[in-house]
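The values are calculated or read from the model by the stated rules, or taken from the named source; none is laboratory data. Predicted, not measured: the structure shown is a model, and the values here were computed from it. So basically every Cβ, Gly included, is an ideal-geometry build from the backbone, and we count neighbours across all protein chains shown.
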């Protein structure tokens, strides 16, 4: 006996994606700016270690917890964006989804650096082999390792953003301006990632690149939440997908 499962409408998928983007954005601001600003003291390993040890709950919830929320949301968002954009090009949409999932996997493994920090500051017996200064230095090493691991993960996001921009531009049911904005953001991500990973003197993302990336990551979710999908143009795309 065949059972029919009711599929979500494209507009429902669009708004769901918008909600996921919103969750990721809020959690990322908290995890990448608010909490580190309270705990991490640049250039002072001892003060950073002392802050984390004194505020372990904030470190666990603010950094580890927020990162886990981001990663779980990223997995679902990758699938939802694939569904939204596969009528344009099923293969490219799949490549974009896999690229974002690869980033998510790397960022998930990268959380180990935070747990190593907690192990160092929780006073395990084997840490007696290290002096307090060495422990503080190792804390800084793993925090820096997390930062580098995050950048490596973003390198796998670059194909996703570029392909996403192309698919949005070609879709017809999303504004072409959003597609152009995402392609510009993808180029910005590429430039920034190359700089951070390969050029020692490159330590800060230029303001223009950060602005373009932020504009794309804000404009698209707002459009998804407010406007959703142009259903007439979506339906014009769907028969071509079914034939393929």
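Just a few scattered comments:
- Scanning segment 55-64 turns up at least one residue that is under 15 Å from the mean Cα position of the chain (by Cα) and assigned to a helix (DSSP H, G or I).
- Residue check for residue 113: more than 30 Å from residue 172 (Cα to Cα) and either touching a residue at least 24 places away in the same chain (Cβ under 8 Å) or surrounded by 14 or more Cβ atoms within 10 Å (Cβ to Cβ) (or both): yes
- Counting the residues of segment 96-110 that are touching a residue at least 60 places away in the same chain (Cβ under 8 Å) and over 23 Å from residue 235 (Cα atoms) gives 2.
- Segment 44-60 residues that are at positive phi and surrounded by fewer than 17 Cβ atoms within 10 Å (Cβ to Cβ), paired with ones that are at pLDDT 90 or above and assigned to a loop (DSSP other than H, G, I, E, B) (beta carbon under 6 Å, 6 or more apart): none
- Residue 11 meets each of the listed conditions (1) over 18 Å from residue 119 (Cβ atoms); (2) at pLDDT 90 or above; (3) in contact with a helix residue (DSSP H, G or I) (Cβ under 8 Å, 6 or more places away or on another chain) apart from (2).
- Subset of segment 74-103 [under 11 Å from the mean Cα position of the chain (by Cα) and either surrounded by 20 or more Cβ atoms within 10 Å (Cβ to Cβ) or part of a loop (DSSP other than H, G, I, E, B) (or both)]: 74, 77, 78, 100, 103
- Test: residue in segment 83-92 that is within 27 Å of residue 182 (Cβ to Cβ) and free of Cβ contacts under 8 Å to residues at least 40 places away in the same chain: yes
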